[in-house]
Amino acid sequence: DEGSSVGSLVGTLSATGKDAGETLTYSLVSNGQSSSQHNSSFTVSGTQILTAAAIDYETTSTLNLKIQVSDGTSTYQEAFTVYVNDVNDNASTDLAVSTSTFAESVTSGTAVASITTTDPDSSAVNSFTYSLISGNGTNDADNSSFTISGPSLVTSGTFNYETKSSLKVYLQVNDGVASYAKALTLTVSDVNETPTDISLTSTRVVENVTVGTQVGTLSTTDPDSGNTFTYSLVSSNDARDDDNGSFTVSGTSLVTSGTIDYETKSSMNIYVNVNDGVNDYPKAFTISVSDTLEPITDVGF
């Protein structure tokens, strides 16, 4: 195993062809070739090969040494390869997420990133466990907005770019022996959300106004900023659009496009849609018609 203390037993030597009564002596020999390049990491004591230096799997996973046996008259040499077992003896050195940006529209329970770890030890001896831990009060400010599921960072709430576009979490990995923690900053990306309301500055028009008279100005309530709004009169497939034909939209203005007569109709129904470049939001309005004193046009008896 790597990390074994100096003097640890690697193996016991034996020789073939020993004559009766012979005393065999074992030693490390160097031939200047790769087969003996790690002799200095070992020593021979009697028939035992012992470690003579620190053994590190991450530095080299195989060690080459050459052993000689002598019976006092003749010698025999043979090369050996010692395989080093990897041991979980190093803490992780870094962790990362597959992406640090996700859309504000993600729902709770969505896996937004996978977590990976940099560790000097091989994956064969490591088993990584991830968790969100307390930090300094700033670098863990948004831990509660997430949970960990295996190697995934999962949302545990909803997000609003307009309220908060940058989130702080403090993430820890444990490799079975040691832990490593890192502060991460996650970015919430903006999504063009649907408008939530349309307003009209006036919903009253006086009868008999000329065609092209402005009734009121339209405006929109929208979670996003910087949107461009396009207004139109649209079909509602019911009575809410009965009087669309008497009006038109010019920019943000609702304008008359036909005769308005109180005696014919004292309230008129229109259906207005706003488009923010991606999403539509329609709303019904009732326009009240104001009566005016009209001139007498005929007298009869």
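The values are calculated or read from the model by the stated rules, or taken from the named source; none is laboratory data. No experiment lies behind these values; they were computed from the predicted model shown. Calculation scope for accessible area: heavy atoms of the full protein, side chains included, ligands and nucleic acids excluded. Shrake-Rupley method; radii C 1.70, N 1.55, O 1.52, S 1.80 Å.
Karplus-derived 3J(HN,Hα) values for region 209-222, using 6.51 cos²θ - 1.76 cosθ + 1.60 with θ = phi - 60°, are 5, 5, 4, x, 6, 6, 8, x, 10, 8, 8, 10, 9, 9 Hz; glycine and proline are entered as x.
Rolled with a 1.4 Å probe across the full set of protein chains, the surface gives PHE229 an accessible area near 60 Å². Note on the chain: the C-alpha convex hull projects to 28.4 nm² when averaged across all orientations. If you count Lys pairs in the chain whose Cα atoms are under 25 Å apart, skipping same-chain pairs closer than 8 places in sequence, the total is 4.
Note that the chain presents 54 Å² accessible area per residue, ligands and nucleic acids not counted, probe 1.4 Å. The accessible surface of the chain, taken with every protein chain in place and a 1.4 Å probe, is 47 percent carbon and sulfur.
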